[in-house]
Amino acid sequence: MDFTTAVVSFAVVAGLLTIIPGVDTALVLRTAVVQGRRHAFATALGICTSALVWGAAAAAGISVLLTASRTAYTVMRVAGAIYLIYLGVMMLRDARRPKTAADDVDVALVSPWRAFARGMTTNLLNPKVGVFYVAMLPQFLPADVPALPMGVLLALVHDVEAMVWFALIIGGVGLARRWLTGSAAAAVRIRRVTDAVAGTALVVLGIRLAAD
């Protein structure tokens, strides 16, 4: 497999996997609804940064520990599951708590760096991301190209596709938010429903990860 074929083939596979709903999509969607575009893009950037770390680690052989050592994988899996369940429970709590328009202002004042950290931490504690890169990258590494630079490049390709997907989600939420601007009650209902759906999804994914 030559360099161009490897990049294009990986882009196709990674693109298909990117649009499959999962933890990342739920987190970005919820952040866009509750905190707005700035925080949602910060969350997406944190997710993509951690994916780059995982890609580099896999290319360097570090992430192989997750597949070679049951103990290492179990520790990472349990930590990730606890974190996902924690996030989900917090969202479910927010969904049940009465909200006012002033709550949106308070949430928006939270630093985007916290949104970035949450996105990055969520992905770094998800061992399946590391396993994905360990399983996929070797198939797309040309023999005449150094593994580490090529792995980082493929991770960047994945990141670009993910950012495009996240931008579409955030843009769609932005249009919906403007449409609901004139109805504070409707905006609050949408936010509560989003918290409930995203929170439930994260709790379920956390439980599935723990039981994997």
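Values in this text are rule-based calculations from the coordinates and carry no lab data. Everything numeric in this text was worked out from a predicted model, so none of it was measured. Ideal geometry is used to build each Cβ from the backbone, glycine not excepted, and the neighbour counts take in all protein chains shown.
Quick rundown of the values:
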read-out	value
Backbone HN-Hα couplings from phi across the stretch 158-166 [Karplus 6.51/-1.76/1.60, Hz, Gly and Pro as x]	4, 4, 4, 5, 5, 5, 4, 4, 5
FRET efficiency for Ile82 and Ala196, using Cβ-Cβ distance with R0 set to 25 Å, rounded to 0.05	0.75
Ranked by how many other beta carbons lie within 10 Å on average, peptides 165-171, 11-17, 148-154 from highest	148-154, 165-171, 11-17
Additional length obtainable on full extension of the chain from Arg114 to Leu156, 0.36 nm per residue less Cα span	12.8 nm
Spacing of the two label points (7 Å from each Cα toward its C-beta) at Ser69 and Leu168, in nm	3.9 nm
Under the Karplus curve 6.51 cos²θ - 1.76 cosθ + 1.60, θ = phi - 60°, whole-Hz ³J(HN,Hα) for the stretch 200-209, x wherever Gly or Pro sits	4, 4, 5, 5, 4, 5, x, 5, 5, 5
Residue-span extension gain [Val204 to Val89] - 0.36 nm each, minus C-alpha spacing	40.3 nm
Fully extended contour minus Cα-Cα distance, from Val8 to Ala147, at 0.36 nm per residue	48.4 nm
